[in-house]
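A quick write-up on the structure given underneath.
Read the figures in this text as sums done on the coordinates, not as results from a lab. Since the structure is predicted, the reported quantities are computational estimates derived from the model, not experimental observations. Methodologically, a virtual Cβ is constructed for each residue, glycine included, from the backbone with ideal geometry; neighbour enumeration extends over all protein chains shown.
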Amino acid sequence: MSSYVTPDGRTIGDVLLEVKNITLRFGGVEAIKNISFDVREGEIRAIIGPNGAGKSSMLNVINGFYHPQEGEIWFHGKKRRAMKPSQIARQGIARTFQNIALFKGMNTLDNIMTGCFTHMHTSLIEQAIWWGRAEREEYRYREKVEHIIDFLEIQAIRKTPVGALPYGLQKRVELARALAAEPKLLLLDEPMAGMNVEEKEDMCRFVLDVNAEFGTTIVLIEHDMGVVMDISDRVVVLDYGRKIGDGVPDEVRSNQEVIDAYLGVPHD
Amino acid sequence: MYYREAGDFKTSYRADQQNFPIRFDRIHFWVMMALAFGVVPFFINDYWANAVFVPFLIFAIATLGLNLLTGYCGQVSLGSAGFMAVGAYASYKLMTSFPELNFFVVILLSGGITALVGTAFGLPSLRIKGFYLAVATLAAQFFLVWLFNKVPWFYNNSASGQISVPRREMFGIPITGPETAASTKYLVCLVIVFVLGFVARNLTRGRIGRSWMAIRDMDFAAEIIGVDPLRAKLSAFAISSFYIGIAGALFFSVYLGAVEVGEAFGINNSFLILFMVIIGGLGSIYGSFAGAAFLILMPVLLKNVLVGGLGWPSDLAAHLEFMIMGALIIIFLIVEPHGLARLWAVTKQKLRLWPFPY
């Protein structure tokens, strides 16, 4: 099964990211135990699981904050060597955080412009002189950023310091910043946590639109089962650092181990 | 309504991102520049140059430099005066070793040498943050002053241990040494401040400035969008030291003329520059100038009022000056912790509506 078309008409391509037998330990604690899964191009892939299951650790492994003791990560069909997060960003992996990690001292526009960092190349000297290349580059990316601002409907808060924005909008600005990097793979860590129903619906729409319009592959962690089952193509279920389920939403929903993990069966 | 921006529409990104988006500000700025370049040089005398303008301009450069590092990149440094000493001694060695070298080239090279030294002392910032980094940079301060005191090569084995500036000319006009005219000193500093001010603005509004601010605000988030903390922090240290080195070179060659390192570049000056940054406003170009102006001009003003105006004895006035300055700094920080720049921004905000309540 190489590429196929989903019922709603999106094309899912080959494997983009493959995580093979990852084990991550903090001292004696095994946060992730021998987990493997893959993410296909154009897919929306959800990672779910109870608190402390190792979901965020998994994202941190993918974007290079944690270096797993065992296992391999394959991206674009090549085995990835150990890299710093900034190098991984250059390969086209962007993410948002569970607790918003915006740059509080800057306004919305500057936050999103910072997202373009890896694509901008003018040197220090050119930046210092400004006229010429640095200026042209700045306006070229401003235009791209304005498209993202239009796309996420945040025109009105362009020049507002992000610290003054309500929670839901901050989440949206963070998504905009990640999109400005034009990522191949976008990792969203609980994009809808703490939102009301209306904000959740907006965010779902944006996630689906991003996937459909830019063809961005998305990996998301989410606790709202309704959202996960509605928007994701395939779901990975983690519990206590182990993988207990993997498949399309309907499969996962009927998996006995997953039901046990969520309803609480005594572990022995 | 005096400060109006209604009807001032922007139709291009270029117009939206210019330095002074509001027309009134733009006119204001260029009028100030016209006064500074076209009027002040004809009226300036030795007193005004030495007490007010030249130290203000030189400290404005140093404050800009420290603001780039502390205000924009979030790395605290207490080694500013030490780096100024590097600039001063670099310019001295360059001027005495290569007498034909153009003065502005000497200044630039001194800045470059200081940038290298500053980068080296910035290396600990990769591992330590906040107060701990401040203490690490304090080591730079003490080490550099000690170095310039102990190694005779730096002061060309002169008996007094001092360095004094040789006379240098440009277009037949002396620009360093005792015969330099007040207006020349002022203009030399002003030209350099003008250029460095624009460079600072350009750096902070573009890609590099945003990478610094990203590191300041949230370093791990900066990393995941591709900012390499090593390069961002070290480039901030380099640029900042470049500015501070130039300030040190000017402080020595244009302002003081002769320097003894412990006196001119002691830790007091490091604190003074840090105060200028904090009082002016962290992360603001305008604030750097405002902070430098406040801490240079206020004592002069106080002295004139107390001694000249009220006729008090000068020793009493000198002590009172310290107390009043201290009180003013505290009051300012309570009223507006974000410095004069924020105070100015708030004033402008009010002026947009004035005299109507909303």
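Summary of values
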read-out	value
Inter-site label distance for A:ASP230 and B:LYS348 at 7 Å from Cα along Cβ, in nm	4.4
Estimated translational D of region A:171-254 in µm²/s (Stokes, Kirkwood radius over Cα pairs; 25 °C; 0.890 mPa s)	180
Percentage of interatomic Cα-Cα distances in chain A larger than 32 Å	25
Stokes-Einstein D for region A:101-182, Kirkwood Rh over Cα pairs, 20 °C, 1.002 mPa s (µm²/s)	165
Bins of 20 Å, starting at 0 and running to the largest distance - Cα pair percent for the protein assembly as shown	17, 43, 28, 11, 1
Residue order, fewest to most beta carbons within 10 Å, for B:PHE53, B:PHE9	B:PHE9, B:PHE53
Under 21 Å from B:LYS303, Cα to Cα: lysines that are on another chain or at least 8 residues apart	none
Inter-label distance, nm, simple model (7 Å from Cα along the C-beta direction), A:VAL29/A:GLN69	1.4
Qualifying trypsin sites (Lys or Arg not before Pro) in region B:107-213, DSSP loop, other Cβ atoms within 10 Å at most 11	B:ARG127
Cβ charges +1 (Lys, Arg) and -1 (Asp, Glu), total dipole of the protein assembly as shown, debye	1620
Exceeding the 22 Å Cα-Cα cut-off - candidates A:LYS184/B:LYS233; A:LYS55/A:LYS171; A:LYS55/A:LYS184; A:LYS55/A:LYS200; B:LYS150/B:LYS185	A:LYS184/B:LYS233; B:LYS150/B:LYS185
Gaussian network model of chain B, Cα within-10 Å springs - most flexible of B:LEU123, B:LEU316, B:LEU297	B:LEU316
Volume in Å³ per residue [convex hull over Cα atoms, computed for region B:19-142]	161
Computed FRET value (nearest 0.05) for B:VAL335 with A:SER3, which takes r as the C-beta separation and R₀ as 51 Å	0.20
Estimated FRET transfer efficiency (A:ILE129, B:TRP312; beta-carbon r; R0 60 Å; 0.05)	0.70
Computed log₁₀ I(q)/I(0) - Debye formula, equal Cα scatterers, no solvent, region B:108-186, q 0.14, 0.15, 0.18 Å⁻¹	-0.73, -0.80, -0.93
Region B:23-266: equivalent-ellipsoid semi-axes (sqrt of 5 x gyration tensor eigenvalues, Cα, Å)	31, 25, 14
